[in-house]
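Please read the structure below before turning to the comments.
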């Protein structure tokens, strides 16, 4: 399936791409569009674009919207969602000390890796590591 998001990805979009490939659509492909109208032309499933279902709604970041829509009730994903939310949304809703570090790492990688698909490949490993770290903490 084709998934479409905005270019120049940051925490929420990179986390969503990881979530899609790991838990929703292992064969996912990605394309980039600046807005909802351009995304529609690509005929993919849009995410983290203003005005789409898998975006920011009712205080949720896009990653949290995915968890809700796809009924992903894994406690580890919920812990990771708190970190992604805090790194992406400036509302201090969760106590997630890892958020500042994740924000800095993803922003920095985005500065030196202009290709979003390449960025997804690298950030996937970061989210794999965070998922495993949280998984071991919840045992």
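Read-outs throughout are calculated quantities, based only on the coordinates presented, and are distinct from any laboratory measurement. These figures come from a predicted structure and were not determined experimentally. Note that we place each Cβ from the backbone using ideal geometry, even for glycine, and neighbour counts take in every protein chain shown.
Of the peptides 61-68, 42-49, the ranking by mean beta-carbon count within 10 Å, highest at the top, reads 61-68, 42-49. Which angle from 0 to 90°, rounded to the nearest 10, does the C-alpha axis of helix 98-112 make with the longest principal axis of the chain? Around 40 degrees separate the two axes.
A Förster distance of 30 Å, applied to the separation of the beta-carbon atoms of residue 50 and residue 24, puts the FRET efficiency at 0.90.
In the chain, what percentage of the DSSP-assigned beta bridges are antiparallel, given to the nearest 5? Counting only bridges with both partners in the chain, antiparallel ones make up about 10 percent. Calculated FRET efficiency, residue 132 and residue 90, Cβ-Cβ r, R0 25 Å, to nearest 0.05? About 0.35, to the nearest 0.05. Pull out a ≥ b ≥ c, the square roots of the eigenvalues of the alpha-carbon gyration tensor of the stretch 82-139, then state rounded if a/c is under 1.5, prolate if not and a/b is larger than b/c, and oblate in the remaining case. Oblate.
As a ratio to 2.2 N^0.38 Å, the alpha-carbon radius of gyration computed for the stretch 56-95 takes the value 1.06. Rounded, prolate or oblate: pick one for the stretch 7-63, where a ≥ b ≥ c are the square roots of the eigenvalues of its C-alpha gyration tensor, a/c under 1.5 means rounded, and failing that, prolate if a/b is larger than b/c, else oblate. Because a/c hits 1.5 or more and a/b fails to exceed b/c, the stretch 7-63 counts as oblate.
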